[in-house]
Amino acid sequence: MLSSFTAALAQWSDARFRRVVVIAVALTLALLIALYALMLGAIQWFIPDTTTLPILGPVGGLDTLLSIGSILLMLAASVFLMVPVASAFTGLFLEDVVDAVEDRHFPTLPPARAQTFAEGLIGAVNFFGIALVANILALFLWPFAGPLVPVLFWSLNGYLLGREYFTLVSQRRIGRGEAKALWRANRARIWGAGILMAAPLSIPLVNLLIPVFGVATFTHLFHRLNHR
């Protein structure tokens, strides 16, 4: 797992690799900024400038206070939203990342079955929905998890990311049925690689880069497991 990850990091100098990183980061930031703008607009629309409270009387500045608080709320929410959002965008450009890795490290391979844009879009939307619902359901368990919240977050998203990315990468070469069989035979190792990918996703700014490197990592891991 670690050798696959370090091999992925070493390809940062590849122009095609950097292109996907820049596009995925730009789209992710644009979506998060749009979500924050909507939240800020809702606060300013529904919260009046002055509110009359019992005993205290008229109190002003609540909308400003909530607007400042919304920044902290959005930063916290971005940690959890980053998994489905960034991963969904990266899924759209998965072909470019895998092709760049295979051209450099596996140049003798025959051409793989190309994924159409529609397939990439459907896969990205499906994974976004699954990851979003799973993380929302996990929110109800976090109050009972205490200090184990990071472990729960990493384990859940490591499983989701490992299964989804490994299947998407491997089905280009061996078909979806064989890809699922290979995943089942190596699920513990793939889950571990997913956790290795999910842990940095909880770090703001760093998490913008991880999905692309995750695709590259699972490309290396697939070829090693399939070769075995």
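List of remarks:
- Rolling a 1.4 angstrom probe over the range 90-228 with all protein chains present gives an accessible area of which 69% lies on carbon and sulfur atoms.
- Local net charge near Arg104, Cβ-Cβ under 14 Å (Lys/Arg +1, Asp/Glu -1): -3
- Rounded to the nearest whole Hz, the Karplus-based 3J(HN,Hα) values (6.51 cos²θ - 1.76 cosθ + 1.60, θ = phi - 60°) of the range 26-42 follow the sequence 4, 5, 5, 4, 4, 5, 5, 5, 5, 4, 5, 4, 5, 5, 5, x, 5, with x at glycine and proline.
- With protein chains left intact and a 1.4 Å probe, residues in the range 98-228 average 51 Å² of accessible area per residue.
- Our coupling estimate for the range 177-187, obtained by passing each phi through the Karplus curve with A = 6.51, B = -1.76, C = 1.60 and θ = phi - 60°, is x, 5, 5, 5, 5, 5, 5, 4, 6, 10, 4 Hz, Gly and Pro reported as x.
- Residue by residue, the range 191-200 carries 3J(HN,Hα) couplings of 4, x, 5, x, 5, 4, 7, 6, 4, x Hz when phi is fed to the Karplus relation 6.51 cos²θ - 1.76 cosθ + 1.60 (θ = phi - 60°); x denotes Gly or Pro.
The values are calculated or read from the model by the stated rules, or taken from the named source; none is laboratory data. This one's a predicted model, so the numbers in the text were calculated from it and none came from an experiment. Cβ coordinates were reconstructed from backbone atoms using ideal geometry, including for glycine residues, and neighbour counts include every protein chain displayed. All accessible areas refer to the heavy atoms of the entire protein, side chains included, with ligands and DNA or RNA removed. Shrake-Rupley method; radii C 1.70, N 1.55, O 1.52, S 1.80 Å.
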